[in-house]
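Enquirer: This is the structure I have questions about; it appears just below.
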Amino acid sequence: MGKLYIGNYSRSLDEKGRLQIPPALFDDSAKELFILRGLDGCVSVYGEESFNELLGKLRQLDFLDEKQRAFIRLSSASMKRLKVDSHGRITIGKDVLAEYGIDTEVKIIGVIDHFEIWAPLGYAKYQLAYDRDYEKLAKGN
C-alpha cells in the first residue's frame, strides 16, 4: 500500500489557482498527482501507486456492459496528470474548479488511498446527510 491519506483540512487557493497540499498528505518524492471526477460531488486526487491500482480496477470492468462502459468513459475522460511544484502545490485548472463549484476555499478529505477536494458547502451537506447514521454505516446498513 502506498501513502496513507487521512484527516480533513481547510485550504485556500492562491491568486494563481494553486492549492498547497497539506504536509500530512504530501509525499516529498511525488512529482505528479492524478485527479479525476470523484463521487458525490468532489474531485479525487491520487498518488501514482494508488492511481495505478485504480486503473487496474477500471480495467477489470466489462466494457460490453453499458453502465460499466459509461463509468469507464466518464472517469477516464476526467483524468488529468498534475505536476507538483517545489513548494508542494498543484494547479487544478479553472475548468475543474468551475465544474465542482469551487471558488477559493476548499475542504480536503483524506480517504485512505487518495484524498478528495470539495467545495466547503458541498462537503458540509454531505456530512450533514450521513453523519447521524455513522454507526449504521459502520455496519453496512
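The values are calculated or read from the model by the stated rules, or taken from the named source; none is laboratory data. Remember, it's a predicted structure, so these values are computed and weren't measured experimentally. Here Cβ is always computed from backbone atoms with ideal geometry, including for glycine, and neighbour counts include all displayed protein chains.
Enquirer: Between 33, 54, which is within 21 Å of residue 9 (Cβ to Cβ), within 14 Å of the chain's Cα centre (by Cα) and either modelled with pLDDT of 90 or more or not in a loop (DSSP other than H, G, I, E, B) (or both)?
Expert: Values: 54 fails: within 21 Å of residue 9 (Cβ to Cβ).
Unique residue meeting the criteria: 33.
Enquirer: I need the full set of residues from the stretch 104-141 which are under 30 Å from residue 48 (Cβ atoms), of a type in the set (A, V, I, L, M) and surrounded by 12 or more Cβ atoms within 10 Å (Cβ to Cβ), in order please.
Expert: Selection gives 106, 108, 109, 111, 117, 119.
Enquirer: Of all residues in the stretch 55-100 being without any contact (Cβ under 8 Å) to a residue 40 or more places away in the chain, closer than 21 Å to residue 123 by Cβ and of a type outside the set (A, V, I, L, M), which is surrounded by the most Cβ atoms within 10 Å (Cβ to Cβ)?
Expert: 75
Enquirer: Test residue 103 against the stated conditions and say whether it is at pLDDT 90 or above and either of a type outside the set (Val, Ile, Thr) or over 23 Å from residue 6 (Cβ atoms) (or both). Let's see the steps before the verdict.
Expert: Values: at pLDDT 90 or above: no; either of a type outside the set (Val, Ile, Thr) or over 23 Å from residue 6 (Cβ atoms) (or both): yes.
So residue 103 does not fit the description; no.
Enquirer: Mind listing whichever residues of the stretch 14-30 are in a loop (DSSP other than H, G, I, E, B) and either in contact with a Lys or Arg (Cβ under 6 Å, 6 or more places away or on another chain) or modelled with pLDDT of 95 or more (or both)?
Expert: Taking the stretch 14-30 and keeping what is in a loop (DSSP other than H, G, I, E, B), we get 14-17, 21-22, 26-30.
The answer is 27, and nothing else.
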